[in-house]
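Presented below is the structure to which this report refers.
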Amino acid sequence: SFERRLRSDTSRAMSTTEQKIAELEAEYARTQKNKATEGHLGLIKAKLAKLRRELEAQGQKGGGGGGGEGFAVSRSGDGRVALIGFPSVGKSSLLSALTDTESEAAGYEFTTLTCIPGNVLYNDVRIQLLDLPGIIQGAAMGKGRGREVIAVARTADLVLMVLDAAKEGVNNHRVILERELETVGMRLNKRPPNVTLVKKKTGGVKFNATVPLTKLGDDPVKTAQQILHEYKLHNVELLVREDVTTDQLIDVINGNRKYVTCLYVYNKIDAITMEEIDHLARKPHSVVISVRRELNLDYLLERVWDAMGLVRVYTKRRGAPPDLDDPVVLSAHRHGVSVEAAAQKISRELVNIHNYSWVWGTSVKFSPQRVGLTHTLHDEDVIQVVTKTNTQQKMDKDYSQRVQNYNKMIAEKRRTRTKEGKKKRSTG
């Protein structure tokens, strides 16, 4: 049948691509690492990234990752946290301990087969936790439904990598998981490089750097041009504002990288010595816990809150006390924590008619203080938005366009109501 031939062709293409990847990885391992070979190594990395992207596309075309049933979970709350890790490290037990959701936990592997959501209420803010099935080595290529698991992890604001503290020294799961996530374009605890790439129709490659480049080999311009040509980019403007590596340059060219904060959660610390606990706790971005003994779970939630960059802002009407029951929750990783972000969260129209705001709290020198849209808010600040008067709004350049858009929206709503009324009368 056609589907069988398609699977066969896809399988052959994948095996050829995998062979090319293996050959390039072998060449990369053979090549000495020094400044003279950085350009050549960067070109190998570019070819590897391109082939891995092709392999992933071939796997999706041939259905290599299986269906996505059970993984489509609607976003709820003010933030999303994904629990990832190998099987039987305590992800389901952690979800059950932090939320009211009961995720099945047992002594055997692969107890969780789908994505199980739960909500935790912390500082009056609802945070969504996702218990994902355990992933195995090769998950980035679709093994064990790994592609679906990692796709859900890409939608999260924070990744909790749950590890077995008693076995981490032998299993080395942290390095394996980091490699799997790096392969599919997730960058843990990193920020996007300060590089601007603009594609042009003509003009060739124009390369400019505002800082000395020490990580792109002896000839940074030649290295950058070789990597660009590998991606068939022959007419671009490239402006580099920091000392980037070849990996960072490849990430900019691909443009589909996900930069996400990750906390490494070492579970089952009740099975190791105090010296080992101290060693793990001192690692960057790490938290040590024991779900079974309920140790350090409060500190874990505190670290999750800080890592997500959530800020609560309370609103206030003129002449009335602030509403302390329903805060506006902002995120530093999503839309920022400025006055403009708060106004956008309250109402989309509020940004257009914003005049100034009064702010009480630690973000201002005086309480209250008059601020503009660019002011950065702190946690538990109080804000009172003052809108423009009708006369001020009419002086805006886009006032007539906004009025036209508003009239169109009202007319569309009336037409929709009329159609629905006619349907009810005809069916009734």
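The values are calculated or read from the model by the stated rules, or taken from the named source; none is laboratory data. Keep in mind that this is a model prediction, so the values were computed, not measured. Please note: Cβ atoms are built from the backbone with ideal geometry, for glycine as well, and neighbour counts cover all protein chains shown. Only protein heavy atoms, including side chains, enter the accessible area calculation; ligands, DNA and RNA are left aside. Shrake-Rupley method; radii C 1.70, N 1.55, O 1.52, S 1.80 Å.
Miscellaneous remarks
- Each residue in the stretch 329-375 was checked for being of a type in the set (A, V, I, L, M) and assigned to a loop (DSSP other than H, G, I, E, B), and 5 of them qualify.
- Residue pairs whose Cβ atoms lie under 9 Å apart, separated by 6 or more positions or on different chains, with the first residue in the stretch 392-403 and under 14 Å from Val351 (Cα atoms) and the second of a type in the set (Lys, Arg) and in a loop (DSSP other than H, G, I, E, B), are Asp396/Lys388.
- Matching residues, the stretch 76-104, being farther than 26 Å from Ala332 by Cβ and of a type in the set (Asp, Glu): Asp100, Glu102, Glu104
- If you filter the stretch 166-202 down to residues that are surrounded by fewer than 14 Cβ atoms within 10 Å (Cβ to Cβ) and charged (D, E, K, R), you find that the one that is farthest from Asn267 (Cα to Cα) is Lys201.
- Taking the criterion of being open to solvent by 50 Å² or more (accessible area, probe 1.4 Å) and more than 24 Å from Asp398 (Cα to Cα), the residues of the stretch 351-365 that qualify are Trp358, Trp360, Thr362, Lys365.
- Checking each residue in the stretch 262-301 for being over 24 Å from Glu178 (Cβ atoms) and of a type in the set (Asp, Glu) picks out Asp270, Glu275, Glu294, Asp298.
- Number of positions in the stretch 221-241 that are assigned to a strand (DSSP E or B) and either surrounded by 15 or more Cβ atoms within 10 Å (Cβ to Cβ) or touching a helix residue (DSSP H, G or I) at 6+ places or on another chain (Cβ under 9 Å) (or both): 4
- Among the residues of the stretch 393-410, those identified as in a helix (DSSP H, G or I), open to solvent by 70 Å² or more (accessible area, probe 1.4 Å) and not hydroxyl-bearing (Ser, Thr, Tyr) are Lys394, Gln401, Gln404, Asn405, Asn407, Lys408, Met409.
- Residues that are part of a helix (DSSP H, G or I) and in contact with a helix residue (DSSP H, G or I) (Cβ under 8 Å, 6 or more places away or on another chain) do not occur anywhere in the stretch 206-220.
- Scanning the stretch 350-369 finds no residues that are within 30 Å of Asp157 (Cα to Cα), touching a residue at least 60 places away in the same chain (Cβ under 8 Å) and not β-branched (Val, Ile, Thr).
- Filtered residue count, the stretch 376-391, keeping only those that are farther than 20 Å from Leu310 by Cα, open to solvent by 70 Å² or more (accessible area, probe 1.4 Å) and assigned to a strand (DSSP E or B): 0
- Looking only at residues in the stretch 280-299 that are within 18 Å of Arg174 (Cα to Cα) and in a helix (DSSP H, G or I), the one that is least open to solvent (accessible area, probe 1.4 Å) is Leu280.
- The residue pairs whose first member lies in the stretch 104-132 and is of a type in the set (Phe, Trp, Tyr), whose second member is modelled with pLDDT of 90 or more and open to solvent by less than 50 Å² (accessible area, probe 1.4 Å), and whose beta carbons are closer than 7 Å, counting only pairs six or more residues apart or on different chains, are Tyr122/Leu301; Tyr122/Trp305.
- Which listed residue is among the charged types (D, E, K, R) and either under 30 Å from Asn189 (Cβ atoms) or open to solvent by less than 30 Å² (accessible area, probe 1.4 Å) (or both), from Arg334, Arg348: Arg334
- Cβ separations smaller than 6 Å between residues 6+ apart or across chains give the following pairs from the stretch 248-277 residues that are in a loop (DSSP other than H, G, I, E, B) to residues that are modelled with pLDDT of 90 or more and charged (D, E, K, R): Arg257/Arg187; Arg257/Asp251; Lys268/Asp164.
- Of all residues making up the stretch 136-163, the number that are open to solvent by less than 10 Å² (accessible area, probe 1.4 Å), at pLDDT 70 or above and either closer than 18 Å to Ile277 by Cβ or in contact with an Asp or Glu (Cβ under 9 Å, 6 or more places away or on another chain) (or both): 4
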